[in-house]
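Undergrad: For reference, the structure I am asking about is given below.
Here, each number is a calculation from the coordinates, and none is a lab measurement. Note that the structure is a prediction, hence the values are computed from the model and not measured. Glycine also receives a Cβ, built like all others from the backbone with ideal geometry; neighbour counts cover every protein chain displayed.
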Amino acid sequence: METKKRSTVYDCSMIELDRHHHEKGNITVVENSRTIPFDVRRVYYLYDVPGGESRGGHAHRALRQLIVSAGGSFDVTLDDGFVKRTFTLNRPYQGLLVVPGIWRELNNFSSGSVCLVLASHEYDEADYIRSYDEFIRYKQQQ
């Protein structure tokens, strides 16, 4: 399940999701292996994040994710051990593709924001790297 390619923050990117306008409201669509380059195996969302709090603070060995602001805004800082990039997510029709081997921090949540995450694998604690020091060692071994 673990990837050995040395991933960088430049392997991660913002993508436009399919959206359809209608006078009764808009819809955004995500389809497995069509809209995003993986099949979705798990969906979760973060909400009611208290002001000033951060989420994330980990990396994954194999998991790929699409992170979307379903409402409000927040920042995602990606770190490959050498370079950091920060993305502001604030549109429900845009998503941030995050590849394995990237440390992520989510912060600056606006009031009422909802962070929707589509993941390539089911939850597996063994896939997580929760210590930044361990993450740096992992990146040096790639």
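Undergrad: Of the candidates VAL43, VAL83, VAL98, which one comes out as most mobile in a Gaussian network treatment of the chain with C-alpha springs shorter than 10 Å?
TA: Sorting by GNM fluctuation, first place goes to VAL83.
Undergrad: May I pose another question? Largest first and to the nearest Å, give the Cα extent of segment 81-142 along each principal axis.
TA: Reported extents, whole Å, longest axis first: 38, 28, 19.
Undergrad: Can you compute the helix-only [θ] at 222 nm over the chain? Use -39500 (n - 2.57) per DSSP H run of at least 4 residues, normalise by all residues, nearest 500 deg cm²/dmol. Numbers along the way, then the final one.
TA: Values: 1 runs with 10 residues, N = 142.
Value at 222 nm, helices only, nearest 500: -2000 deg cm²/dmol.
Undergrad: Using a simple charge model, +1 on the beta-carbon of Lys and Arg, -1 on the beta-carbon of Asp and Glu, nothing else, what dipole does segment 9-141 show about its Cα centre, in debye to the nearest 20?
TA: 160
Undergrad: Here's a follow-up. Counting only pairs 8 or more places apart or on different chains, how many lysine pairs in the chain have C-alpha atoms closer than 29 Å? It would help to have the intermediate numbers written out before the result.
TA: Numbers: LYS4/LYS84; LYS4/LYS139; LYS5/LYS84; LYS5/LYS139; LYS84/LYS139.
Total qualifying Lys-Lys pairs in the chain comes to 5.
Undergrad: Here's something else I'd like to know. Among GLY25, VAL117, LEU63, pick out the residue whose Cα is farthest towards the positive end of the charge dipole of segment 9-141, where Lys and Arg carry +1 and Asp and Glu carry -1 on C-beta, about the Cα centre.
TA: Result: GLY25.
Undergrad: Direction-averaged shadow area of the convex hull around the Cα atoms of the chain, nm²? All intermediate terms of the calculation are to be shown ahead of the outcome.
TA: On the way: hull surface 34.8 nm².
The Cα convex hull of the chain, projected and averaged over all directions, gives 8.7 nm².
Undergrad: Right, another one. Residues with beta-carbon under 11 Å from that of HIS121, excluding HIS121: net charge, scoring Lys, Arg +1 and Asp, Glu -1?
TA: Values: positive: ARG41, ARG42, ARG61, ARG64; negative: ASP39, GLU122, ASP124, ASP127.
After counting each charged neighbour, the total is 0.
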